[in-house]
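*Asks:* Below you'll find the structure I mean.
The values are calculated or read from the model by the stated rules, or taken from the named source; none is laboratory data. Because the structure is a prediction, the values reported are computed rather than measured. Because the Cβ atoms are built from the backbone with ideal geometry, glycine has one as well, and the counts that use them run over all protein chains shown. Areas reflect the complete protein model, heavy atoms only, side chains present, ligands, DNA and RNA absent. Shrake-Rupley method; radii C 1.70, N 1.55, O 1.52, S 1.80 Å.
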Amino acid sequence: MKTKIYKYLLLSVSIVAFFSCVNMESVNTDPNNPADVPSNMLFSGTQKKMMDYVYDNWFSGRQCLLYAQYWAQRNYTEEDRYQIRESVNNSYFNQFYTLLANLDKVIEINTNPETATMASLYGANANQIAAAKTLKVWLLSVMTDTWGSIPYSEAGKLTENIYYPKYDDQATLYEEMIKELTAAANLFDEDDVAFTGGDMIYGGDASLWKKFANSLKCRLAIHTSKVAGSKWKTYIAEALASGVFDSNGDVAAYHYGTAPEYSYFYEGAFIQGRNDFTLTRPFIDILKGQRDTLNNKTHPWENVVDPRLPLYTTPRNGKYIGIPYGIPSNTMTAGFRNAAPDIRTNRIAMLQPDFAVPLMTYAEVRFIISEYNGFSADEYVDGVEASVRYWSDVAGVSVDEGELGEYIASVSANVDAEAVAVQKYIDLYMNGTEAWTEIRRTGYPVQLISPGEICVAANDPNNTSIGRGTDIVFDPLSDTKGIIIARVKYPTNESTLNGASFKEAVGRLESGTNNYYSPMFWDKRRTEGAHPGNK
């Protein structure tokens, strides 16, 4: 029985401090940790924990931001080359399920007649339920797009004697997530508040939560655009009719407060004192309008400097030179480090303690609608403008209207799949989870370094010692079948704690092994002709 309870704790039941979800007569009650917590406090605490875990120097810094090739490590580059730390992988898998369970608890408190009346003091019951559903789908989408098929329908059901939950098929899970968002959007009462306090994303505004639910529905729908026939367009049409983001004022972002409630990007850089990351050459070269001569790759807007370049990073000795991506640790020389931006000493806005971490931007929604409309120019232009204005505001920099107009004209001469995908990629900076998904879905930007391609030229002037005179290529430490990593392996704990379900899920992966190359159901990069309109 102890093993079963332990499994339950790990897989999704929220029994963390005062977030107690299940009464067990065999467990003594701790008077210092009350079992009944106001729903707004539970929601607020869960929001913060989500942000702290997803947008930190591990899940984002050493995984998603690396996979999207926004950042690379300055010293130990093993994670850049897809060597995952299993202990970290286990930890995030477990913690995310705990957070999902907390949101289920918010829903339960507002549904159960015995607790709903009290909960209504902190916001309309229906709105609390809808907001919790929306945030739950957001986290669930991050999880499934990281690992693939995962436990969902049977997770957290100890009271129903389900100790070893099955792994739900990812395509089915997507359908369920979209149903949840549709239900949430229909449930919101915009004439009442969602929460009277504690909501650090929207301050309890039910109208904004409804827009987020519909906008997130568009994101999930576009993910399936290569595998869902015309169904994805139906979903987006429904969301547009119900109401999506229509300005930068609608952006879903978590607003950190004062110490110690600061962003975990700041935490890693300044509280922990680590100087591990900087921006990559591929990303900075995209922003500089510089083509990749190493692997003979073109740029959609050569010689056009992006106005977000000085917003996203800082120059070193008057130059913007990114650090090589995907090179072995023993070839990461002082020359490379000293040429790359020092984003910690010359601090960027994203490392400020109160950096408002965006879960989804208005610009992203405009790019989605552009693709939905056959890569339409109007929505694309809106997206580019919205992104520049949004990130200028984040950095506290005034927009030069003349320069913005010239930039938009330069990047809008040919609006196609590549233009939309690359502009979306630029806007998604710091949102490595979604950027990694879009790279796998579209195949863009082509400027990113794929396994086997050259990272550093033999005559690179910044290569001051090791490897000088020889091209350095991207040689991953895990097999990815020659493409950018397709998924993260299931955690090792699952093989022992949920063995039968784990084995069945692994058996459905490519080659029947727990690997890094089995594609998401929407990822068709290795299927000929799978990306009409995309790479």
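*Asks:* Of all accessible surface on segment 421-535 at a 1.4 Å probe, what whole percent is carbon and sulfur?
*Replies:* Ligands and nucleic acids excluded, carbon and sulfur give 52 percent.
*Asks:* What is the Cα convex hull volume of segment 431-493 when expressed per residue in Å³? Don't skip to the answer; put the middle values down first.
*Replies:* On the way: hull volume 9.1 nm³, N = 63.
So the per-residue Cα hull volume is 145 Å³.
*Asks:* I've got another one for you. Which angle between 0 and 90 degrees, to the nearest 10, do you get for helix 417-427 versus the longest principal axis of the chain when only C-alpha atoms count?
*Replies:* Tilt relative to the chain: about 70 degrees.
*Asks:* Can you work out the accessible area per residue across segment 395-450, with the rest of the protein chains kept in place, probe 1.4 Å, in square angstrom?
*Replies:* 29 Å²
*Asks:* Out of every Cα pair in segment 449-526, what percent are spaced more than 20 Å from each other?
*Replies:* So the pairs more than 20 Å apart make up 50 percent of the total in segment 449-526.
*Asks:* About the Cα centre, and with charges only on the beta carbon of Lys, Arg (+1) and Asp, Glu (-1), how big is the dipole of segment 356-423? Nearest 20 debye, please.
*Replies:* Working: 2 positive and 13 negative charges, 40 e Å.
The dipole magnitude comes to about 200 debye.
*Asks:* Oh, and also: For segment 174-229, what is the accessible area per residue in Å² when the probe is 1.4 Å? Please list the in-between numbers first.
*Replies:* Values: 1820 Å² over 56 residues.
On a per-residue basis, 33 Å².
*Asks:* Continuing with the same structure: Straight-line reach from LYS233: which lysines have Cα under 22 Å away, leaving out those fewer than 8 places along the same chain?
*Replies:* LYS179, LYS210, LYS211, LYS217, LYS424, LYS524, LYS535
*Asks:* When only DSSP loop residues count, what GluC sites (Glu not before Pro) in segment 332-411 have their Cβ near at most 11 other Cβ atoms within 10 Å?
*Replies:* Counting only loop positions with at most 11 other Cβ atoms within 10 Å, none of the GluC sites (Glu not before Pro) in segment 332-411 qualifies.
*Asks:* Of ASN75, CYS218, LEU279, whose Cα points farthest to the positive end of the dipole of the chain (charges on the beta-carbon: +1 Lys, Arg; -1 Asp, Glu; origin at the Cα centre)?
*Replies:* ASN75
*Asks:* When a/c reaches 1.5 or more, the comparison of a/b and b/c decides; with that in mind, is segment 211-333 rounded, prolate or oblate per its Cα gyration tensor?
*Replies:* Details: a/c = 2.18, a/b = 1.37, b/c = 1.59.
Oblate.
*Asks:* Also, quick follow-up: Name the residue from MET118, ILE150, THR98 whose Cα lies farthest towards the positive end of the charge dipole of segment 98-163, charges +1 on Cβ of Lys and Arg and -1 on Cβ of Asp and Glu.
*Replies:* Result: MET118, furthest along the dipole toward the positive end.
*Asks:* While we're looking at this one, here's another question. Using the Cα gyration tensor of segment 116-170, with a ≥ b ≥ c the square roots of its eigenvalues, what is the shape: rounded (a/c below 1.5), prolate (a/b larger than b/c) or oblate (neither)?
*Replies:* Oblate, since a/c reaches 1.5 and b/c is not below a/b.
*Asks:* Relative to the longest principal Cα axis of the chain, at what angle does helix 401-411 sit, 0 to 90 degrees, rounded to 10?
*Replies:* 80 degrees
*Asks:* Turning to a different aspect of this structure: So, with +1 on the Cβ of K and R and -1 on the Cβ of D and E, and no other charges, what is the size of the charge dipole of the chain about its Cα centre, to the nearest 20 debye?
*Replies:* Charge dipole of the chain: 1560 debye, to the nearest 20.
*Asks:* While we're on this one: When the solvent-accessible surface of protein heavy atoms is calculated with a 1.4 angstrom probe, in what order do LYS217, LYS179 fall, highest first? Please report the intermediate quantities before stating the final value.
*Replies:* On the way: LYS217 5, LYS179 120 Å².
Sorted descending by solvent-accessible area, the residues read LYS179, LYS217.
*Asks:* Keeping the other protein chains in place, figure out the carbon and sulfur percent of the accessible area of segment 322-392, with a 1.4 Å probe.
*Replies:* 41 percent
*Asks:* On the protein heavy atoms, probe 1.4 angstrom, tell me the percent of accessible surface of segment 53-184 carried by carbon and sulfur.
*Replies:* Carbon with sulfur: 50 percent of the solvent-accessible area.
*Asks:* Let me spell out the model: positive unit charges on the Cβ of Lys and Arg, negative unit charges on the Cβ of Asp and Glu, origin at the Cα centre of segment 190-301. What dipole size does that give, in debye rounded to 20?
*Replies:* 880 debye
*Asks:* May I ask which residue of TRP138, TYR235, HIS255 lies farthest towards the positive end of the charge dipole of segment 108-266, with charges of +1 (Lys, Arg) and -1 (Asp, Glu) on Cβ and the Cα centre as origin?
*Replies:* The listed residue farthest towards the positive side: TYR235.
*Asks:* Could you tell me the relative contact order of the chain? Use alpha-carbon pairs under 8 Å, at least six residues apart, and round to a whole percent.
*Replies:* 18 percent
*Asks:* Per residue, what accessible area does segment 468-515 have, given a 1.4 Å probe and all protein chains present, in Å²?
*Replies:* Working: 2190 Å² over 48 residues.
On a per-residue basis, 46 Å².
*Asks:* Give the relative contact order (percent, whole number) for segment 362-508; include only Cα pairs under 8 Å separated by 6+ residues.
*Replies:* After rounding, I find 16 percent.
*Asks:* Another question, if that's okay. With everything on Cα atoms, drop me the angle between helix 206-223 and the longest principal axis of the chain, reported from 0 to 90° to the nearest 10.
*Replies:* 60 degrees
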